[in-house]
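Student: Structure below; questions to follow.
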Amino acid sequence: MTGQEPEILIDVKDGIGRITLNRPKAINALNHAMVLEMSKALSAWENDDSVRAVLVRGAGERGLCAGGDIVSIYHDAKDGGTGSQDFWRDEYILNAAIGRYPKPYIAIMDGIVMGGGVGISAHGNVRIVTERSSIAMPETGIGFVPDVGGTYLLSRTPGEIGTHIALTTGRMKAGDAVTLGFADHYLPSDSLDKFVAALESGPLEDALAEYSQPAPESALLGQREWIDAAYSADTVEEIVERLRASDVPEARETAGQVLAKSPVALKVTLRSLRHARQLGSLEEVLNEEFRVSTASLKSHDLVEGIRAQVVDKDRNPQWSPATLADVTEADVDAYFQPLGDLELGLAAPKENDR
């Protein structure tokens with residue numbers, strides 16, 4: 001490691017605990033060591049009176065975080081390892097801690113924010129997007145299922161927009177993110193450094209008041225009528241049929257986007273979203289996501305999806321089962337089986353513990 005920059009930079013300046021993901025060439029993709037460092041810093045700052053807020057940023061110009069290090073997950077899954085399970089356990093514990101953090105947790109969601117990047121930002125209590133923000137949960141495209149509390153957020157969007165995003169791997173722009181509950185404030189990207197300087201020299205509220213602007217309108221919200229009409233169906237097959245039968249051109253185009261994804265991942269994702277909508281806390285959702293992720297590690301489609309999209313880049317995954325009709329109820333059930341001693345076991349704090 002001699003001469004190499006640390007993968008995560010952590011310091012305190014003017015009462016602000018600063019966390020900078022520092023893998024710009026990989027769009028700051030998260031690995032296990034980075035998750036552990038973040039957790040350690042947040043835990044230390046929680047009861048440190050000299051730290052009044054936390055600021056999370058990504059190094060470079062491309063984005064906050066493109067997600068977890070999926071190449072290492074690919075090798076782990078291919079070799080039958082359990083390192084990814086250990087990574088997810090600590091990552092989800094971190095996501096839950098962010099969701100309950102008692103101080104301002106300011107995440108600057110500039111540029112690309114995907115998968116694990118959503119987990120370390122969108123559960124925070126001060127979430128900032130810019131005109132460059134592009135936010136997605138692209139898991140079904142690699143034979144995986146939205147995790148890091150993503151199904152909690154997606155299931156709580158207006159109507160069925162979250163289902164649409166999950167099944168198509170669609171991207172949210174700044175206005176979408178604010179409207180759909182993934183972000184709180186819109187700042188032009190050229191004002192971010194001035195905002196940070198104001199944050200370091202004065203109250204958070206003053207910095208936000210000075211530099212935040214009204215968010216753009218959400219294009220996705222404007223499409224809610226056909227999205228709700230299609231995605232309120234009980235099965236992925238019925239969703240596709242409704243999309244194909246729609247008289248809205250965008251809906252018909254979307255059917256093909258859904259069908260390009262892993263059939264089993266689509267069906268597991270739909271059930272995960274429906275379950276998450278019924279569960280009362282982020283912690284309960286993360287517990288179920290951990291079961292699903294653990295099962296995915298043993299699946300054909302996770303290895304094949306990452307191979308096709310990231311390793312060989314032929315963009316031609318050979319899914320198995322190959323079609324939605326081939327995916328049985330038992331195939332889907334297998335992803336939700338209890339893990340016994342390996343359960344994540346998070347619990348929402350009781351009111352008198354908070």
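Student: What is the distance in Å between the Cα centres of region 224-244 and region 168-188?
Tutor: 22 Å
Student: A further question follows. What FRET efficiency do you get for L221 and E61 if R0 is 25 Å and r is their Cβ-Cβ distance, rounded to the nearest 0.05?
Tutor: On the way: r = 28 Å, r/R0 = 1.13.
After rounding to 0.05, the efficiency reads 0.30.
Student: Show me, for region 126-139, the HN-Hα J-couplings you get by feeding each phi into the Karplus relation (A = 6.51, B = -1.76, C = 1.60, θ = phi - 60°), rounded to Hz, glycine and proline as x.
Tutor: Computed from phi, the couplings for region 126-139 are 9, 10, 10, 10, 10, 5, 8, 5, 9, 10, 8, 10, x, 4 Hz.
Student: Rounded to whole Hz and in sequence order, give me ³J(HN,Hα) for region 143-151 from the Karplus expression 6.51 cos²θ - 1.76 cosθ + 1.60, θ = phi - 60°, writing x for Gly and Pro.
Tutor: Going residue by residue, I get x, 10, 10, x, 9, 6, x, x, 5 Hz, with x marking Gly and Pro.
Student: Straight-line reach from K350: which aspartates and glutamates fall under 13 Å, measuring Cα to Cα and dropping same-chain residues less than 8 apart?
Tutor: Straight-line reach from K350, under 13 Å: E283.
Student: Looking at the chain as a GNM with Cα springs under 10 Å, which of L204, L302, L286 has the largest mean-square fluctuation?
Tutor: Of L204, L302, L286, the most mobile in the Gaussian network model is L204.
Student: Report which label in [x] 37; [y] 16; [z] 11 holds the value of percent of Cα pairs over 37 Å apart derived from the coordinates of this structure.
Tutor: [y]
Student: Related question: On C-alpha positions alone, give me the angle between the axis of helix 282-296 and the longest principal axis of the chain, in degrees, nearest 10.
Tutor: 50 degrees
Student: If you don't mind, another one. If you average the sequence gap of Cα pairs under 8 Å that are 6 or more apart and divide by the length of region 225-302, what percent do you get for the contact order?
Tutor: Details: 38 pairs, mean separation 15.9, N = 78.
Rounded, it is 20 percent for region 225-302.
Student: Moving to a separate point now. Check G68: other-chain or 5+ apart residues with amide H under 5 Å from its amide H, H built from backbone geometry?
Tutor: Residues meeting the amide H criterion: L30, G116, G117.
Student: Applying 1/(1 + (r/R0)^6) with R0 = 25 Å to the Cβ-Cβ distance of Q85 and N316, what FRET efficiency is obtained, to the nearest 0.05?
Tutor: 0.30
Student: Can I ask one more? So, in Å, what gap is there between the alpha-carbon centers of region 80-140 and region 307-337?
Tutor: 25 Å
Student: Let me ask something else. Ordered by residue, what ³J(HN,Hα) values in Hz, to whole numbers, does region 87-97 give under the Karplus form 6.51 cos²θ - 1.76 cosθ + 1.60, where θ = phi - 60° and Gly and Pro are x?
Tutor: Couplings: 4, 4, 4, 5, 5, 5, 4, 5, 4, 5, 5 Hz.
Student: When all protein chains stay in place, what accessible area (Å², nearest 10, 1.4 Å probe) is found for F336?
Tutor: Surface accessible to solvent at F336 totals approximately 20 Å².
Student: By a straight-distance test (C-alpha under 18 Å), which lysines pair with K40 as possible cross-link partners, with residues fewer than eight away in the same chain excluded?
Tutor: Once the sequence-local lysines are set aside, what remains near K40 is K13, K103.
Student: Please report the relative contact order for region 8-340, taking Cα pairs under 8 Å with a sequence separation of at least 6, and give it as a percent rounded to a whole number. Could the numbers behind the result be given before it?
Tutor: On the way: 639 pairs, mean separation 55.0, N = 333.
Relative CO of region 8-340 lands at 17 percent.
Student: Cross-link partners among lysines for K261, C-alpha distance below 23 Å, same-chain residues fewer than 8 apart left out?
Tutor: Candidates past the 8-residue exclusion: K78, K173, K298, K313.
Student: Further question: How large a share of the accessible area of the chain, in percent, is made up of carbon and sulfur atoms when the probe is 1.4 Å and the other protein chains stay in place?
Tutor: Working: 7420 of 15190 Å².
With neighbouring chains kept in place, the figure for the chain is 49 percent.
Student: Next question, about the same structure. Relative to the compact globular guide of 2.2 N^0.38 Å, what is the alpha carbon radius of gyration of region 242-288, as a ratio? Show your work: numbers first, answer last.
Tutor: Numbers: Rg = 14.3 Å, N = 47, 2.2 N^0.38 = 9.5 Å.
Compactness ratio reported: 1.50.
Student: Using a 1.4 Å probe, how large is the accessible area of M114, given in Å² and rounded to the nearest 10?
Tutor: 30 Å²
Student: Here's another thing I want to ask about it. Ordering E250, E160 by how much accessible area each has at a 1.4 Å probe, largest first, what is the list? Don't skip to the end; give the middle numbers.
Tutor: Working: E250 90, E160 20 Å².
In descending accessible area the options line up as E250, E160.
The values are calculated or read from the model by the stated rules, or taken from the named source; none is laboratory data. Because the structure is a prediction, the values reported are computed rather than measured. Positions of Cβ are backbone-derived with ideal geometry, glycine not excepted, and every protein chain shown enters the neighbour counts. Protein only, heavy atoms only, side chains kept; ligands, DNA and RNA dropped before computing areas. Shrake-Rupley method; radii C 1.70, N 1.55, O 1.52, S 1.80 Å.
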